[in-house]
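Before any comments, here is the structure.
The values are calculated or read from the model by the stated rules, or taken from the named source; none is laboratory data. Everything quoted here is computed from the prediction, not taken from an experiment. No Cβ is skipped: glycine too gets one built from the backbone with ideal geometry, and neighbour counts run over all protein chains shown. What goes into the accessible areas is simple: the full protein's heavy atoms, side chains included, and nothing from ligands, DNA or RNA. Shrake-Rupley method; radii C 1.70, N 1.55, O 1.52, S 1.80 Å.
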Amino acid sequence: MKALVLSGGAGTRLRPITHTSAKQLVPVANKPVLFYGLESIRDAGITDVGIIVGETAEEVKAAVGDGSALGIKATYIPQDAPKGLAHAVLIAKDFLGNEPFVMYLGDNFLLGGITDLVNDFSKGNAEAQILLTKVPNPKQFGIAVLDDKGNVKTLVEKPKDPPSDLALVGVYMFRPKIHDAVRAIKPSGRGELEITDAIQWLVDQGHTVKPHLVTGYWKDTGRLEDMLECNRAVLETLDASNEGTIDSESKLIGRVVIEKGAEIIRSTVSGPAIIGKNTKLIDTYVGPYTSIYNDCLLEKNEIENSIILENTSIRNVGRIEGSLVGKEVEISGTSDQPKAHKLMLGDHSKVVISK
């Protein structure tokens, strides 16, 4: 069995972070979202992985490499534009051959992995298996309708008038008949080859599409709120550890992970939280549900429920919460007169200033 992982797309909902970074590489608990999916695939016994890449291909390749560090063999498949999930299957035919495969959206997070689902699919004879979960906002997802016996009846992509609240989770399992389906369908009104249309083709042709209702934690990490929620969920699973340096005036409270080379000076970290490699905290309070990535400097601040990317400096700014701060960012406070906010912000930035 092989795997097809989608790591293209523009990530418009996470701009400006995704102007310069792949959305799949934004870290959750100091690990790129993409890596959680790749590790779940590996843990399910699948090591031959094709990765669909787009404009951020070089960054994804730099992070994943040949895949050996993650226990997989990575093959990169370029997609010239985001033309839909079914288009990704279409262009991956040479890689996939006639083997069954898992398709995993690289910006999705499924706590608990997919091992049992892969085993279940392998033992059955369904042409496809789809994962579903109830959502409060079905207009934003591909939606499935089941019949009275629990079989897949209809699928529709981002409906204006949703026929159900069962959204497709970004993990699918297919046998080779899906290649006929993606060749048979036409682009949707969005100009994309929709995977929902391809699965509907399988249903219409009389093939079995097995639904599985996800009852555990799943999140599409496409928005700030989703990233922070996912970060909280993962931090809750971590065990405390300390590979850094903590002075006598500092305190660690609860489940805190201090990675190698980090320095905690006259500071308090209240978990669950993680402090990255070679990051330095000085006179700073880090509250629960905060992930600070590698090589950062935080001095004289309070920060909580936030994600800070690498090589970022935050000094003398008071309190920060509910935030996602990109890499190589500098934020500083000043007491100079006149008192005014001085900002240099890129396109699509969002700033909330407390008065």
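In whole Hz, what ³J(HN,Hα) sequence does the stretch 90-107 give by Karplus (6.51, -1.76, 1.60; θ = phi - 60°), x for Gly and Pro?
Ordered by residue, 3J(HN,Hα) equals 4, 7, 9, 4, 4, 5, 6, x, 10, 8, x, 8, 9, 10, 10, 6, x, 9 Hz.
With runs of 4+ DSSP H residues as the only contributors, calculate the mean residue ellipticity of the chain at 222 nm using -39,500 (n - 2.57) per run, divided by the residue total and rounded to the nearest 500. Intermediate results must be reported in sequence, preceding the final value.
Working: 9 runs with 73 residues, N = 355.
Computed mean residue ellipticity for the chain: -5500 deg cm²/dmol.
Connecting C-alpha atoms closer than 10 Å in a GNM of the chain, tell me which of SER250, SER188, SER313 has the biggest fluctuation.
SER188
Extension gain ASP148-GLU236, at 0.36 nm per residue separation less the Cα-Cα distance, in nm?
Details: separation 88, 0.36 × 88 = 31.68 nm, distance 3.78 nm.
Full extension of this stretch gives 27.9 nm more.
Sorted by accessible area (1.4 Å probe), largest first, how do HIS207, HIS87 line up?
Working: HIS207 55, HIS87 25 Å².
Ranking HIS207, HIS87 by accessible area, largest first, yields HIS207, HIS87.
Could you point to the label whose value was computed as mean projected area of the Cα convex hull in nm² for the structure here, given (i) 18.4; (ii) 46.2; (iii) 19.4?
Here the calculated entry is (iii).
Using mean Cβ contacts within 10 Å as the protection proxy, how do 79-85, 125-131 order, highest first?
Going by the mean number of other Cβ atoms within 10 Å, highest first, we get 125-131, 79-85.
Please compute the per residue accessible area over the stretch 66-133 with all protein chains in place, 1.4 Å probe, rounded to a whole number of Å².
The answer is 42 Å² per residue.
Taking amide H positions as placed 1.01 Å from N in the peptide plane, with prolines and chain starts having none, which residues 5 or more places from VAL169, or on another chain, fall under 5 Å of its amide H?
Under 5 Å from the amide H of VAL169 lie the amide H atoms of LEU131, LEU132, THR133, each far enough along the sequence or on another chain.
Taking 41 Å as R0, compute the FRET efficiency from the Cβ-Cβ separation of LYS300 and GLU58 and round it to 0.05.
On the way: r = 37 Å, r/R0 = 0.90.
That pair, LYS300 with GLU58, gives E of 0.65.
Calculate, for GLN205 and ASP226, the FRET efficiency according to 1/(1 + (r/R0)^6) with r their C-beta to C-beta distance and R0 25 Å; round to the nearest 0.05.
After rounding, the FRET efficiency stands at 0.10.
How big is the antiparallel share of DSSP beta bridges in the stretch 1-151, given as a percent to the nearest 5? Show your work: numbers first, answer last.
Details: 2 of 18 bridges.
Just about 10 percent of them are antiparallel.
Counting DSSP beta bridges with both partners in the chain, what percentage is antiparallel, nearest 5?
Of the beta bridges lying entirely in the chain, close to 25 percent run antiparallel.
Please give, to one decimal in nm, the separation of the simple spin-label points placed at VAL351 and THR245, each 7 Å out from Cα toward the Cβ.
It is 3.5 nm.
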